[in-house]
1. Checking B:L51 against (1) in contact with a strand residue (DSSP E or B) (Cβ under 7 Å, 6 or more places away or on another chain); (2) modelled with pLDDT of 95 or more, which test does it fail?
2. Please list, ordered by first then second residue, the pairs with beta carbon atoms under 7 Å, 6 or more apart or interchain, first in segment A:21-48 and closer than 28 Å to A:A101 by Cβ, second within 8 Å of DNA strand C (Cβ to nearest atom) and not in a helix (DSSP H, G or I).
3. For segment A:27-40, which residues satisfy the criterion of being assigned to a helix (DSSP H, G or I) and either hydrophobic (A, V, I, L, M, F, W, C) or within 11 Å of DNA strand D (Cβ to nearest atom) (or both)?
4. Being under 21 Å from A:L132 (Cβ atoms) and polar (S, T, N, Q) is the requirement here; does B:Q123 meet it?
5. Can you name every residue in segment B:151-166 that is facing chain A (nearest Cβ under 8 Å) and either modelled with pLDDT under 80 or surrounded by fewer than 16 Cβ atoms within 10 Å (Cβ to Cβ) (or both)?
6. Any residue in segment A:72-84 that is part of a loop (DSSP other than H, G, I, E, B), of a type in the set (D, E, K, R), open to solvent by 30 Å² or more (accessible area, probe 1.4 Å) and closer than 16 Å to A:L132 by Cα?
7. Would a scan of segment A:41-53 turn up a residue that is more than 11 Å from DNA strand D (Cβ to nearest atom), open to solvent by 30 Å² or more (accessible area, probe 1.4 Å) and more than 14 Å from every other protein chain (Cβ to nearest Cβ)?
8. Within segment A:2-26, work out how many residues are on the phi < 0 side of the Ramachandran plot and within 12 Å of DNA strand D (Cβ to nearest atom).
There are 2 protein chains.
Amino acid sequence: MPAESRDKILNAAEARLLVGGPAGLVLDAVALDAGISKGGLLHHFPSKEALVGGLCDRMLERFEEEMASLCAADPETTGAWTRAYLASTVTGDGKPADNSAQLMAGILATMGRDSVHLEKVRQHFVRWHARLEDDGIDPTIATLVRLAADGLWLSALLGLQQIDPAASQHLLGELRDMTRPAR
Amino acid sequence: MPAESRDKILNAAEARLLVGGPAGLVLDAVALDAGISKGGLLHHFPSKEALVGGLCDRMLERFEEEMASLCAADPETTGAWTRAYLASTVTGDGKPADNSAQLMAGILATMGRDSVHLEKVRQHFVRWHARLEDDGIDPTIATLVRLAADGLWLSALLGLQQIDPAASQHLLGELRDMTRPAR
DNA sequence: GAAAACCGACCGTCCGGACGGTATAAACCA
DNA sequence: TGGTTTATACCGTCCGGACGGTCGGTTTTC
């Protein structure tokens, strides 16, 4: 089964994207890093687009898993999804929770706005947002929290760290409080 | 004076970036669109990087102007900057206020995260955020509003329109109310 | 022995930008 | 005043490297 090679390739591609941005995602280099030949790479992913698609799918899948486990771990079901979204987007100190920001940016930049893969991302977002609006709390609040989380995520993506840690922590606290069941 | 050609080039480059993304930003094509030769283009912008830099500067400049005029037009000074940020980021119906999102994305994608130009963007953000924290309203609120605006902007950038217009309008209203002087 | 996995040389295209021009006009000089 | 230099704007060809993808092979696996 090729799953092992596939993963090695995906890992290498992801690493490349994270350090070198879209320009760093070069088939030769990815193959080299993955310890495979270019031909081998092309055997698993017949085109660069397919490779990016693989990256995209894996990212989505991981995010989905993380959301599920965070939700499961939350003792309070009301607002759990919203809290999970917040938590899986940014950490306590306002940093991005994972490298999804860089990854997403890379994926986005590698292929245009019209790509099939972006469409998949959109569909996931639609689902997530539906879930958000049915989280047991005021949908407007939930949306607000989500947007703020996205804003934080964007800040991290652009490398804007102008919001100082203390303020950021305070804000995160507020946001979390907003997701608690209505008093 | 070369200002005229410069602007034509910048306009062409911007248009290219908007419709074709980073991949559409090709010197030959930009020169063609601008009605100038490639050599002529290179005369005004010695490198592609310089061209992107020009685009970046102009975008920042325009944003700055818009913020100033919005602030000046607001009868209530308290929270005016925060409101201006909100307004110049997204329109009433949750669409991005201008093409800054696409533009920024293109710029970002064309050059890596380490570029000089991105550094300029960062510095502007630092100033904006300082301004935001001294806007006469609770800084946490101001930050929250700003982040939500950024979130909305990001949604628009990714082409996620899953937040329906009515809800979006309601949310925008709430955000605006938050920027009013404390009751 | 056939299919799947993998190899790596090769090709074609695209694109940034170097370079050696030309045209216009202002600045300088006699 | 007329010639010469110099600066600026602009032209368009050419080059060279980078990169995605093809293809005819070889090896591994079942």
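The values are calculated or read from the model by the stated rules, or taken from the named source; none is laboratory data. Here the structure is a predicted model, which means the values were calculated and not measured. Methodologically, a virtual Cβ is constructed for each residue, glycine included, from the backbone with ideal geometry; neighbour enumeration extends over all protein chains shown. In case anyone asks, the SASA skips ligands and DNA or RNA and just uses the protein heavy atoms, side chains included. Shrake-Rupley method; radii C 1.70, N 1.55, O 1.52, S 1.80 Å.
1. (1) is the only condition that B:L51 fails.
2. A:A31/A:S37; A:H44/A:P2
3. Passing the criteria: A:L27, A:D28, A:A29, A:V30, A:A31, A:L32, A:A34, A:K38, A:G39, A:G40.
4. Judged against the criteria, B:Q123 is not a match.
5. Of everything in segment B:151-166, those that are facing chain A (nearest Cβ under 8 Å) and either modelled with pLDDT under 80 or surrounded by fewer than 16 Cβ atoms within 10 Å (Cβ to Cβ) (or both) turn out to be B:G159, B:L160, B:Q162, B:I163.
6. There is at least one residue in segment A:72-84 that is part of a loop (DSSP other than H, G, I, E, B), of a type in the set (D, E, K, R), open to solvent by 30 Å² or more (accessible area, probe 1.4 Å) and closer than 16 Å to A:L132 by Cα.
7. Yes: one or more hits.
8. Counting residues in segment A:2-26 that are on the phi < 0 side of the Ramachandran plot and within 12 Å of DNA strand D (Cβ to nearest atom) gives 12.
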